[in-house]
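Asker: Mind having a look at this structure? Questions to follow.
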Amino acid sequence: MFSGSIPALVTPFTGGSFDEEAYRAFVEWQLTEGSTGLVPCGTTGESATLTYDEHFHVVRTCVDQVKGRVPVIAGAGSNDTQVAIQNIRAAQAAGADAALMVPPYYNRPNQDGIFAHFEAIVAACDLPIVLYNVPGRTVTDIKPETVVRLANAFDRIVAIKDASGDLPRVSAHRGGARDGFVQLSGNDDMALAFNAMGGRGCISVTANVAPGLCAQFQAATLAEDYARALEINDKLYPLHAALFSDASPGPVKYALNRLHPEWSADLRLPMTPPSEASRAAVDAALAHAGLT
């Protein structure tokens, strides 16, 4: 269902408000450059600072601009199970093809609690679900045995974005989950090894800035052309690091503004512009990748 380069889209702001015109142009550029799916309102999209109405306006805008050309996987998670259910229903009403769902953060449920959270969501809505495991942000880790349990219990849990940084999990999930369960990397800098171990793509931060190169990289790995993939990875690797040289998505928006000055680098508090050192790292990485 999902594969290749799937950018976790930034949300452009101008004067503190969602800039729909810029977003539509940004989405169109992503499609032209070869992205094979899009994720509105994920972490990189500053979803934590969007109101409910803004959040699903962004999702509707993305769906409307895409017009079915690639899948749209809408960020819809919450640490409150009932709010998560409300969100996934809103994502479906907005026309999304699937929902990206984190486990409950802050509450820190045990593994049975995580399973029950997703069990309730599956029972409440028939939209496909992509698990999003990012314990560095949520403090809640969906352990491999729970991923396997969820994948085998519910056909509509179709994939995982794994940002745990623990590569052996690719094999653990592959060995236990049903056939067809899709693994997507959540870490650009690990995407080469992730796909070599059985992954099918990446929900990517770097693809915001280098969608063409990221699409070519993913196509090479899926064709098992690892010489070509390694060549592209070497171009992109400094950018993978530079885009996290300060709090994300500050460096990402700075990089985009460098490439497309018509798109503002504005952030919403508590996010602030990247430091001088971070900006210098981004500038060098853009040059290394041949983007400037």
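Asker: Taking the Cα centre of the chain as the origin and placing charges on Cβ (Lys, Arg +1; Asp, Glu -1), which of Tyr132, Leu291, Pro251 is farthest toward the positive end of the dipole?
Answerer: The residue sitting most towards the positive pole is Tyr132.
Asker: Please arrange Leu167, Leu256, Leu230 by how many other C-beta atoms lie within 10 Å of their C-beta, fewest to most.
Answerer: Result, fewest neighbours first: Leu230, Leu167, Leu256.
Asker: Which value, in debye to the nearest 20, describes the size of the charge dipole of the chain about its Cα centre when Lys and Arg Cβ atoms bear +1, Asp and Glu Cβ atoms bear -1, and nothing else is charged?
Answerer: For this selection, approximately 380 debye.
Asker: Give me the number: length gained by fully extending Met1 to Phe154, i.e. 0.36 nm times residue separation minus the C-alpha to C-alpha distance, one decimal in nm.
Answerer: So the chain would gain 53.5 nm between Met1 and Phe154.
Asker: What size of dipole, in debye to the nearest 20, comes out for segment 14-162 about its Cα centre when the only charges are +1 on Lys and Arg C-beta atoms and -1 on Asp and Glu C-beta atoms?
Answerer: Numbers: 11 positive and 18 negative charges, 56 e Å.
It works out to roughly 280 debye.
Asker: Leu31: net charge of surrounding residues, Cβ under 14 Å, Lys/Arg +1, Asp/Glu -1, itself excluded?
Answerer: On the way: positive: Arg24, Lys67, Arg69; negative: Glu28, Glu33, Asp64.
Charge balance near Leu31 sits at 0.
Asker: While we're on this one: Provide the FRET efficiency to the nearest 0.05 for the Glu262-Arg228 pair, computing r from the beta carbons and using R0 = 35 Å.
Answerer: On the way: r = 32 Å, r/R0 = 0.92.
Efficiency computed from Cβ-Cβ geometry: 0.60.
Asker: Read phi for every residue in segment 278-291 and hand back ³J(HN,Hα) as whole Hz from Karplus 6.51 cos²θ - 1.76 cosθ + 1.60, θ = phi - 60°, with x for Gly and Pro.
Answerer: Karplus-based 3J(HN,Hα) across segment 278-291 equals 5, 4, 5, 5, 5, 4, 5, 5, 4, 5, 4, 7, x, 8 Hz.
Asker: Now for a different question. Counting C-alpha atoms alone, how compact is the chain: give Rg to one decimal and Dmax as a whole number, in angstrom.
Answerer: Using the Cα atoms of the chain, the pair Rg, Dmax is 17.8, 49 Å.
Asker: What order do you get for Phe18, Phe217, Phe26 when you list them from fewest to most C-beta neighbours inside 10 Å?
Answerer: Phe18, Phe26, Phe217
Asker: Antiparallel versus total DSSP beta bridges in the chain: what percent is that, nearest 5? Working shown, then result.
Answerer: Working: 2 of 25 bridges.
Counting DSSP beta bridges with both partners in the chain, the antiparallel share is about 10 percent.
Asker: Would you mind calculating the gained length between Ser17 and Asn107 on full extension (0.36 nm times residue separation, minus the Cα-Cα distance), in nm to one decimal?
Answerer: Taking Ser17 through Asn107 to full extension adds about 29.3 nm, to one decimal.
Asker: Taking K and R as +1 and D and E as -1, what net charge do the other residues with C-beta under 12 Å from the C-beta of Asp283 add up to?
Answerer: Overall, the nearby charge balance is +1.
Asker: Local charge sum around Ile73 (other residues, Cβ-Cβ under 15 Å, Lys/Arg +1, Asp/Glu -1)? Walk me through the intermediate numbers first.
Answerer: Working: positive: Arg60, Arg69, Arg156, Lys161, Arg200; negative: Asp97, Asp162.
Within the 15 Å Cβ shell, the charges total +3.
Asker: Would you kindly derive the ³J(HN,Hα) couplings of segment 151-159 from the backbone phi angles with the Karplus curve 6.51 cos²θ - 1.76 cosθ + 1.60 (θ = phi - 60°), listing them in order in whole Hz, with x for Gly and Pro?
Answerer: 4, 7, 8, 9, 4, 7, 8, 9, 6
Asker: If you don't mind, another one. Can you tell me which of Gly199, Gly42, Gly113 moves the most in a GNM of the chain? Springs connect C-alpha atoms under 10 Å apart.
Answerer: Highest fluctuation of the listed residues: Gly113.
Just so you know, all these numbers are worked out from the coordinates, no wet-lab data involved. Computed from a predicted model, the values in this text were never measured in an experiment. Virtual Cβ from ideal backbone geometry, glycine too; neighbours counted across all protein chains shown.
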